[in-house]
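To keep things clear, I will list the structure first and then write my remarks on it.
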Amino acid sequence: MDHFLYRDGVLQAEDVPLPDIATAVGTPFYVYSKATLARHYRVFEEALSGLPHLICYAMKANSNLAVLKILARLGAGMDVVSGGEYLRARAVGVPGDKIVFSGVGKTPDEMRLALEGGIRQFNVESEPELLLLSAVAAGMGAIAPITIRVNPDVDAKTHAKIATGKSENKFGIPIAKARAVYAQAAALPGIQVVGVDVHIGSQLTDLDPYRHAFQKVAELTHALRADGHDIRRIDLGGGLGIPYMATNEAPPLPSDYGRIVHETVGDLGAEIEIEPGRLIAGNAGLLVSKVLFVKEGEGRDFLILDAAMNDLIRPAMYEAHHDIIPVIEPALGVEPQPFDIVGPVCESGDTFAKQRLIPPVSMDALIAFRSAGAYGAVMASEYNSRPLIPEVLVDGDQFAVVRARPTFDEMLSRDTIPGWLE
Ligand code: LLP
């Protein structure tokens, strides 16, 4: 459930009609619902209740500071994958001991930043990273708390570009090698083992791969403890999928996911960490755009929007489906018609949907992409010199711009022409 509903024939974000926001900030724009974000966070809290746990929001999904602030105030930890993300977490007041640092390619500078500022743990993904982290920490007179991300060789049954738990993927250490690498870690001067980590992919719509992976992690935990390691935390990653199609998709509920967590690793006496991103932010956001032209083609009609692939890349990159609905509710009985829904960028890949059935709309109509709160604004670029679009946060009947649209001057001023070209 989200808070984007029609009221009196107009789509609202909570209690704010979307045309009001369009008038204030122009189109296209992203809009997020505070109530939906908070609700999704609480759903995970409930799913893990009864277990010692920390929900570390994977901010790669949406790292706007206002979004982070909402979650931080609810007590969330954060999963970060770069120095920039680490600083965002700190900027909204998340203490270091609630921040986990993931990612296959951490740099020495990023390691130092987190060690100086405070960190709950690094999720280490390779032996060279382990050695480097130990050297960096020891050089600072610090000890880096770590888990090792194991690759359980489980098929997450998701899109190939976002599956991470198979041996062919670049992530983690093969689970069969884990005991040897933990032994190595225990002997290093700058390292303290605190747990084990796994993440098998994103947009999972089937719970079996989770069960499978978590069982392997439970077995490994027993073995590592028998080897003398202090496995006090188990980080299970993120990845729970969301319904992108209002009609025919029913991904598992966080409560079902929680049951699997309880069943597989719940009796190990470890603190459970999870790193959800998409499920918290995805359905808490819309991308709102205006129809520039309705173009009649040969055998098909096009809706040409003022949003493009640079604003929302998921359809072009992952063949992702986003529901697209008119902001003005269609009258009862209006027959949907097929349109190719496209942006203005000069390549055919700038297509959001082909032959999508939607109620006919005319020039200047506003339309909304659902499920755009995760991996939307964060993946945007200024391709075609289209300035990043604004982000707006709604809370009840109030809204605020939480990232402004840069002016053309601001966009151009980021480039410099060397003196020797003048
Ligand atoms: N933890 C780790 C280590 C991850 O790599 C990810 C996502 C997450 C947590 C959060 O996963 P989530 O709960 O959001 O599924 N850009 C793609 C998704 C990339 C996901 C990358 N890793 C998309 O738009 O579908």
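What to note about this one:
- Taking only the Cα atoms of the range 34-279, the radius of gyration and Dmax are 16.9, 56 Å.
- The heavy atoms of residue 36 present about 0 square angstrom of accessible area, all protein chains included, probe 1.4 Å.
- Listed by chain and number, the aspartates and glutamates whose C-alpha is less than 13 Å from the C-alpha of residue 106, apart from same-chain residues fewer than 8 away, are 85, 125, 127, 129.
- Model label sites at residue 355 and residue 179, defined 7 Å from Cα along the beta-carbon direction, differ in position by 5.5 nm.
- Across the range 10-22, coupling constants 3J(HN,Hα) worked out from phi with the 6.51/-1.76/1.60 Karplus curve, θ = phi - 60°, read 10, 6, 10, 9, 6, 9, 10, x, 4, x, 5, 5, 4 Hz, and Gly and Pro carry x.
- Relative contact order (%) - criterion: Cα under 8 Å, at least six apart; region: the range 200-285: 42 percent
- Net charge of Cβ neighbours under 10 Å - reference residue 376; Lys, Arg +1; Asp, Glu -1: -1
- Whole-percent pair-distance distribution, where bins are 5 Å wide, for the alpha carbons of the range 306-422: 2, 9, 16, 19, 18, 15, 10, 5, 3, 2, 1, 0, 0, 0
- Between the alpha-carbon centres of the range 22-90 and the range 176-249 there is a gap of 22 Å.
- Largest to smallest accessible area among 53, 212 [probe 1.4 Å]: 212, 53
- Each Lys or Arg adds one and each Asp or Glu subtracts one; over the other residues with Cβ under 12 Å from the Cβ of residue 345, this totals -4.
- For the chain, convex hull of alpha carbons as volume per residue, Å³: 165 Å³
- Solvent-accessible area of the range 156-235 (1.4 angstrom probe, protein heavy atoms only): carbon and sulfur portion equals 52 percent.
- Residue-count net charge about residue 389 - beta-carbon cut-off 12 Å; Lys, Arg +1, Asp, Glu -1: 0
- Amide H contacts of residue 271 (H built 1.01 Å from N, under 5 Å, at least 5 apart or other chain): 233, 234
- FRET efficiency for residue 140 and residue 416, using Cβ-Cβ distance with R0 set to 22 Å, rounded to 0.05: 0.05
- Here the simple spin-label model places points 7 Å from the Cα toward Cβ, and for residue 381 and residue 167 these points are separated by 3.4 nm.
- Ordered by 1.4 Å accessible area with all protein chains kept, 170, 98 run largest first as 170, 98.
- Relative contact order %, the chain, counting alpha carbon pairs below 8 Å whose residues are six or more apart: 20 percent
- Here r is the Cβ-Cβ distance between residue 155 and residue 293 and R0 is 45 Å; the resulting FRET efficiency, rounded to 0.05, is 0.55.
- Short-range pairs are left out: with C-alpha atoms under 8 Å and at least six residues apart, the relative contact order of the range 34-279 is 21 percent.
- Normalised per residue, the accessible area of the chain is 42 Å², obtained with a 1.4 Å probe and no contribution from ligands, DNA or RNA.
The values are calculated or read from the model by the stated rules, or taken from the named source; none is laboratory data. Computed from a predicted model, the values in this text were never measured in an experiment. Positions of Cβ are generated from backbone atoms using ideal geometry, with glycine treated the same way; all protein chains shown enter the neighbour counts. Areas reflect the complete protein model, heavy atoms only, side chains present, ligands, DNA and RNA absent. Shrake-Rupley method; radii C 1.70, N 1.55, O 1.52, S 1.80 Å.
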